[in-house]
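Visitor: Got a structure for you, written out below as structure tokens; questions coming shortly.
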Ligand SMILES: CC(C)(COP(=O)(O)OP(=O)(O)OC[C@H]1O[C@@H](n2cnc3c(N)ncnc32)[C@H](O)[C@@H]1OP(=O)(O)O)[C@@H](O)C(=O)NCCC(=O)NCCS
């Protein structure tokens, strides 16, 4: 079940039984810094990494006060991922969603390794697809990943996205230029998948 709420000060939140995606709040600062200082395993296939606590602290400030939070209509979401897979809710990482000028939407997630393999990214993807198709009314959503990132690819494919091909240009990452695979799903495909669910 997907729940969503625009809370006070227009704080965005969308949730299921597995995960909550919401705008950052001041109380996330410590968890964010801890996430940013994660072991190298998390960063292996990511394009960016934080080289110091100061850089991570600045990034937290940027996300906390990002001007996109006041946009109408809102086009960019930088969200805390709160896992509900445990005895109490815990900060698992961050997720982003951008509505591009060409009408497509793009998303990604970055979870610390202690939260992997519990279905959190798959559940987060279901929410991000609902955000893009239901709330923002976009015709197509996409995500990219490093060709070696098997977990990421698995999450995208099991969520209904299909491989379009390799992005034409190499992408600049902290470990040098890397190829990227692009995955997409159209609104019609998403609706068909929802209708095919057993409890639809
Ligand atoms: C990619 C990432 C978001 C996946 O998150 P997650 O919460 O562990 O994902 P889920 O638990 O929903 O699903 C992971 C799936 O990948 C599979 N998987 C994991 N590692 C795998 C591997 N090396 N090869 C093949 N499949 C793998 C899991 O078995 C699972 O599939 P299953 O449920 O069918 O068994 C997480 O690993 C992550 O944040 N990694 C670091 C940052 C990153 O790479 N982000 C993506 C940038 S494009």
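Computed from the coordinates by the stated procedures, all read-outs in this text should not be read as laboratory data. Bear in mind the structure is a predicted one, so any value in this text is a computation, not a measurement. Note that we place each Cβ from the backbone using ideal geometry, even for glycine, and neighbour counts take in every protein chain shown.
Visitor: Return the calculated 222 nm mean residue ellipticity for the chain, to the nearest 500 deg cm²/dmol, obtained by summing -39500 (n - 2.57) across DSSP H runs with n ≥ 4 and dividing by the residue count.
Guide: Estimated from H runs of four or more residues: -7500 deg cm²/dmol.
Visitor: Additional query: Treat the count of other C-beta atoms within 10 Å as a stand-in for reagent exposure and order 14, 191 from fewest to most.
Guide: The fewest-first ordering by Cβ neighbours comes to 191, 14.
Visitor: I've got another one for you. Let me test this: with uniform point scatterers at the alpha carbons of the range 76-159, what is the Debye-based log₁₀ I(q)/I(0) at q = 0.11, 0.20 1/Å?
Guide: The Cα Debye sum returns log10 ratios of -0.29, -0.93.
Visitor: Separate question: Measure out, as a whole number of angstrom, how far apart the alpha-carbon centroids of the range 72-125 and the range 138-200 sit.
Guide: Comparing the Cα centres of the range 72-125 and the range 138-200, I get a distance of 14 Å.
Visitor: Could you order the peptides 146-155, 120-129 from most to least packed, using the average number of other C-beta atoms within 10 Å per residue?
Guide: 120-129, 146-155
Visitor: What FRET efficiency, computed as 1/(1 + (r/R0)^6) with R0 = 25 Å and r the Cβ-Cβ distance, is obtained for residue 171 and residue 41, rounded to the nearest 0.05?
Guide: 0.80
Visitor: Another question, if that's okay. In whole angstrom, how long is each semi-axis of the equivalent ellipsoid of the range 3-196, when you take the square root of 5 times every eigenvalue of its Cα gyration tensor and sort them from largest down?
Guide: The three semi-axes for the range 3-196 are 23, 21, 17 Å.
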